[in-house]
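For reference, the structure is listed below as structure tokens.
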Amino acid sequence: MALEHGVYTKEIDTAGFAVVEADTAIPFIVGLAPVNMTDPENVNNVVLCNNLIEFTEAFGTSKDLMKYTLVQAAKVYFTLYETGPVFMVNVLDAKNHITTETTETLEVLEGKTVLKVEGVIHDSIKITDNASSAVLVLGTDYLLKFDDSGYTAIYVMTPHDKIDVTFKALDTEKITKDEIIGGVDPVTYKRKGMELIHEAFPKYRKVPGIILTPGYSHDSEVAAIMETKTKNINGVFQAQAIIDCPSDKRYRDIPNWKNENNIVDEDITAVYGLVKLGDDVYYQSLHIAALMSTIDTAQGQVPSESPSNKNYKMDGLVIKVGTEYEKINLDLTQANYLNENGIVTALNFINGWTAWGNYNTCYPSRTDIKDSYLPVKRMFKWAANTLILSTWQFVDRKFTNVLRDSINLTVEDWLKGMNGNHLYGSSIALREEDNPLSDMQKGKFTWHIDMSPILPLQAQIYEFEYNLDYLQNYYS
């Protein structure tokens, strides 16, 4: 050892550690996007979008929100509710989900014409002169550009009155629930569809909090896979699935649909009715998920507040009848009927249009507060994700008394910081009865955490009574 002669310094590790709180409501959304406008290879790839610009660069744009569900999601999150970020996965493949070759004759005016078809794949376009059948050359005779509606603008640089345009386009009708569910490719071993949720955290270091598949989640198999994915993301993290009830059923038929399809789980929240705003129709699952994100932000990124009786961005509730949309307006009794069967809906009452309902789909068959109440379930999942992120650094460290006390004190302080505003109370303990010698020999230790998230004030009852004493006191 070298001789020490002088002044020296060293650093000592802090006794405690910083709690890394998990994200609360980042959605993982599997859907369809017009990737022909951007990168046709952007299929079955997790992309984290923080704003509308990033989304448009990655996925394109469209006016048809019901066809391109990711565009709908982007509008709901980034335009209507101004919240994010969002995990997006497009499953619409420009190689496989396409139409047969089609030809349209277009009139050229002042060197320009527009092919008013969405989803056109530019590499498939062939143009000939309508009169002479002469083949036009891209870059020499014409140029292509997408307009704001997703249509193809054709700029003709040589004289032509009419042109014949042959092309292929994206065909969203060829998408089935199998693409949404996904899995692992048996040849490339790459994940697809919902299976890609396991790539979100390793790629971006953010934990998905909500799983959405707008347009497909009413299918019982899709809903079942969504529920499965909520439990063990990357083997440890948890999320909540939000599904849409069938948009073509009356409200009174929904409880029977729910039971027949075995949608009775604490990890699923179901919403009834499509949301209308202006001329556009949206899946309500996107609206309630975005609303939850804005509420969590107002609560300091703690998911303790229920979205029920908070305002939606909407001016009507509709269901689908044939190919048309029919406006409905549930009264309080009808909305409560859905609530008592574990279904959330939209209600137009004293506060205007709001989300209405606090229960997950396990209610009423299971009434455990931890499972049945949406905000309580989200609090438990969020707390679990937070502790995983915060204490993972201690895995395989020497489990000394100092480390034990550090974990106990830091987690206790974090929990107590939420008492009063987010929790009625909380505690943490490393109890002897929870840690038998057989577990300790394996290096396995179990902490017991008591926490009581604050419940929503679901019903207020004021009892009125005529008191005759006041009448007797009239003259006095």
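Where in region 389-476 are there helices (runs of 4 or more DSSP H), lying wholly inside it, with at least 3 residues that are within 30 Å of ILE369 (Cα to Cα)?
401-416
Filter the strands (runs of 3 or more DSSP E) completely within region 78-188 down to those with at least 2 residues that are touching a strand residue (DSSP E or B) at 6+ places or on another chain (Cβ under 6 Å) and β-branched (Val, Ile, Thr).
86-90, 102-107, 112-115, 126-129, 152-156, 162-167
So how many residues does region 231-252 have that are in a loop (DSSP other than H, G, I, E, B) and within 27 Å of LEU317 (Cβ to Cβ)?
So the count comes out to 7.
Could we say that VAL236 is touching a strand residue (DSSP E or B) at 6+ places or on another chain (Cβ under 9 Å), hydrophobic (A, V, I, L, M, F, W, C) and surrounded by fewer than 17 Cβ atoms within 10 Å (Cβ to Cβ) here?
Answer is no for this residue.
Being of a type in the set (S, T, N, Q) and over 20 Å from ALA33 (Cα atoms) is the filter; apply it to region 112-138 and report the residue that is surrounded by the most Cβ atoms within 10 Å (Cβ to Cβ).
Among those that are of a type in the set (S, T, N, Q) and over 20 Å from ALA33 (Cα atoms), it is THR113.
Here are some residues: TYR151, TYR204, TYR189, TYR142. Which one is surrounded by fewer than 19 Cβ atoms within 10 Å (Cβ to Cβ) and over 29 Å from PHE237 (Cβ atoms)?
Going through TYR151, TYR204, TYR189, TYR142 in turn, the sole match is TYR151.
A quick yes/no check of all residues on (1) surrounded by fewer than 13 Cβ atoms within 10 Å (Cβ to Cβ); (2) under 24 Å from ILE233 (Cβ atoms); (3) not assigned by TED's automatic domain parsing to the domain that holds PRO307:
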position: PHE380; (1), (2), (3): no, yes, yes
position: ILE388; (1), (2), (3): no, yes, yes
position: VAL395; (1), (2), (3): yes, yes, yes
position: ASN408; (1), (2), (3): no, no, yes
position: TRP414; (1), (2), (3): no, yes, yes
position: ASP439; (1), (2), (3): yes, no, yes
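Need pairs with beta-carbon distance below 6 Å; first residue in contact (Cβ under 8 Å) with a residue 12 or more places away in the chain and within region 56-74, second in a helix (DSSP H, G or I) and of a type in the set (Phe, Trp, Tyr); sequence gap 6+ or separate chains.
LEU70/PHE59; ALA74/PHE55
Residues that are crowded, with 21+ Cβ neighbours inside 10 Å: which strands (runs of 3 or more DSSP E) entirely in region 253-353 hold 1 or more of them?
By residue number, 268-271, 274-277, 280-283, 316-321, 345-349.
Scan region 322-344 and report the pairs whose first residue is closer than 26 Å to VAL264 by Cα and whose second residue is basic (Lys, Arg) and buried (at least 16 other Cβ atoms within 10 Å of the Cβ), with Cβ atoms within less than 9 Å and a gap of 6+ or a chain change.
Within 9 Å, the pairs are ASN341/LYS258; GLY342/LYS258; ILE343/LYS258.
Pick out the one residue from GLY357, GLY322 that is among the small types (Gly, Ala, Ser), in the same structural domain as GLY209 (by TED's automatic domain parsing) and at pLDDT below 95.
Checking each option against the conditions leaves just GLY322.
Check whether at least one residue in region 81-89 is in contact (Cβ under 8 Å) with a residue 40 or more places away in the chain, more than 30 Å from LYS174 (Cβ to Cβ) and touching a Lys or Arg at 6+ places or on another chain (Cβ under 9 Å), and report yes or no.
yes
Inspect all residues belonging to region 91-105 and state whether any of them is of a type outside the set (D, E, K, R) and within 20 Å of ILE242 (Cα to Cα).
The answer is yes, given that some residue of region 91-105 is of a type outside the set (D, E, K, R) and within 20 Å of ILE242 (Cα to Cα).
In region 142-165, which residues are over 25 Å from THR38 (Cβ atoms) and without any contact (Cβ under 8 Å) to a residue 24 or more places away in the chain?
Across region 142-165, the qualifying residues are THR158, PRO159.
Kindly indicate which of SER438, SER427 is among the polar types (S, T, N, Q) and over 38 Å from the mean Cα position of the chain (by Cα).
SER438
Run ILE263 past the list (1) under 30 Å from GLY119 (Cβ atoms); (2) in contact (Cβ under 8 Å) with a residue 12 or more places away in the chain and report the number of the one that doesn't hold.
Looking at each condition in turn, ILE263 falls short on (1).
For region 1-34: of the residues being at pLDDT 95 or above and aliphatic (A, V, I, L, M), which is surrounded by the most Cβ atoms within 10 Å (Cβ to Cβ)?
Looking at residues that are at pLDDT 95 or above and aliphatic (A, V, I, L, M), I get VAL30.
Does region 191-203 include one or more residues that are part of a loop (DSSP other than H, G, I, E, B) and in the same structural domain as ASN51 (by TED's automatic domain parsing)?
Checking region 191-203: not a single residue is part of a loop (DSSP other than H, G, I, E, B) and in the same structural domain as ASN51 (by TED's automatic domain parsing).
Residues are listed down the side, and each one gets a yes or a no for (1) of a type in the set (D, E, K, R); (2) under 30 Å from GLU21 (Cβ atoms); (3) at pLDDT below 95; (4) out of contact with any Ser or Thr (no Cβ under 8 Å at 6 or more places or on another chain):
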{"residue": "ASP148", "(1), (2), (3), (4)": "yes, no, yes, no"}
{"residue": "THR188", "(1), (2), (3), (4)": "no, no, yes, yes"}
{"residue": "GLY193", "(1), (2), (3), (4)": "no, yes, no, yes"}
{"residue": "GLY209", "(1), (2), (3), (4)": "no, yes, no, no"}
{"residue": "LEU212", "(1), (2), (3), (4)": "no, yes, no, no"}
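The values are calculated or read from the model by the stated rules, or taken from the named source; none is laboratory data. Just so you know, these numbers come straight off a predicted model, no measurement behind them. Backbone-built Cβ (ideal geometry, glycine too); neighbour counts: all protein chains shown.
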